[in-house]
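The values are calculated or read from the model by the stated rules, or taken from the named source; none is laboratory data. Only a predicted model underlies this, so the values are computations on that prediction, with no experimental measurement involved. Note that we place each Cβ from the backbone using ideal geometry, even for glycine, and neighbour counts take in every protein chain shown.
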Amino acid sequence: MAPQKLIESSLSQFAAQLAERTPTPGGGSMAAYLAASGAALVAMACRFTSGDKFAAVQAAATATADALDELRPAALGLVDRDARAYDAVTAALAMPKSTDAEKQARSAAMQQALRGALEVPFETLVLAVRGLELAAPLAPGVNPNLASDCGVGARCLQGAAEGAFLNVRINARSIKDAEYAKARLAEAERLRDRARELGDRVVRAIESLS
């Protein structure tokens, strides 16, 4: 029987799995779940931004909610993908290294696995920034009764970006292809900074509504 997917776990089960003395699920999976949760919260706030009072922004709010709905399953898919990517690193570490041939095979497997462990959180980072790019224009006109939900959603997306960046950074350090690692890390830093800018922009907007 195939193991249960992380995203099929209850919230309490997922929290318990995070607490176990096992490498996965870890911060990368949590970052992806934060991205999905943030997208969901902002979408909810958008759906309550409707009716005569919000006629000027309702169409934009609806479109934003729909776009966030498309982002959410992609982020959820990264929860399990991140765990599998790091499991591949663990498997490579466990490979034999008694002979030169075994050492070479182990090193090659490690480098391939590390790239996977970098690329998955990089995808999470991209998705988190995309969620914030959707949230930021809508935040000033969001239903004030849902302002805190929009803000929490934005901070979840920003937290996802910060967490994903940390995973990109730590894996980049172990990749021997210096040019690839440097380029990926530079882009990740740009995206992380963009997430900070957008997250703060959303929160400033919703604080002005109260």
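General remarks:
- Of all residues making up the range 95-113, the number that are hydrophobic (A, V, I, L, M, F, W, C) and not in a helix (DSSP H, G or I): 1
- Here is the figure for the range 8-31: residues that are surrounded by 11 or more Cβ atoms within 10 Å (Cβ to Cβ), modelled with pLDDT under 95 and of a type in the set (Ser, Thr, Tyr) total 3.
- The numbered conditions (1) within 20 Å of the chain's Cα centre (by Cα); (2) surrounded by fewer than 16 Cβ atoms within 10 Å (Cβ to Cβ) are all true for ASP52 except (1).
- When SER148, SER208 are checked against the criterion of being surrounded by 14 or more Cβ atoms within 10 Å (Cβ to Cβ), small (Gly, Ala, Ser) and out of contact with any helix residue (DSSP H, G or I) (no Cβ under 6 Å at 6 or more places or on another chain), SER148 stands alone in meeting it.
- Within the range 71-127, if we keep just the residues that are closer than 27 Å to ALA154 by Cα, of a type in the set (A, V, I, L, M) and without any contact (Cβ under 8 Å) to a residue 60 or more places away in the chain, the residue that is surrounded by the most Cβ atoms within 10 Å (Cβ to Cβ) turns out to be LEU78.
- ALA135 among the small types (Gly, Ala, Ser), closer than 15 Å to LEU34 by Cβ and in contact with a Ser or Thr (Cβ under 9 Å, 6 or more places away or on another chain): yes
- Residues (more than 19 Å from LEU127 (Cβ to Cβ) and in contact with a Gly (Cβ under 9 Å, 6 or more places away or on another chain)) located in the range 178-203: VAL203
- Restricting attention to the range 15-35, the residues that are under 19 Å from GLN4 (Cα atoms) and either touching a strand residue (DSSP E or B) at 6+ places or on another chain (Cβ under 9 Å) or of a type in the set (A, V, I, L, M) (or both) total 6.
- Candidates GLY38, GLY27, filtered to the one that is within 21 Å of the chain's Cα centre (by Cα) and farther than 19 Å from VAL202 by Cβ: GLY27
- Pairs are defined by a Cβ separation below 7 Å, a sequence spacing of at least 6 or placement on different chains, a first member in the range 173-200 that is farther than 16 Å from LEU157 by Cβ and among the basic types (Lys, Arg), and a second member that is modelled with pLDDT of 95 or more and part of a helix (DSSP H, G or I); the pairs so defined are LYS176/GLN111; ARG184/LEU118; ARG184/PHE122; ARG184/VAL168; ARG184/ALA172.
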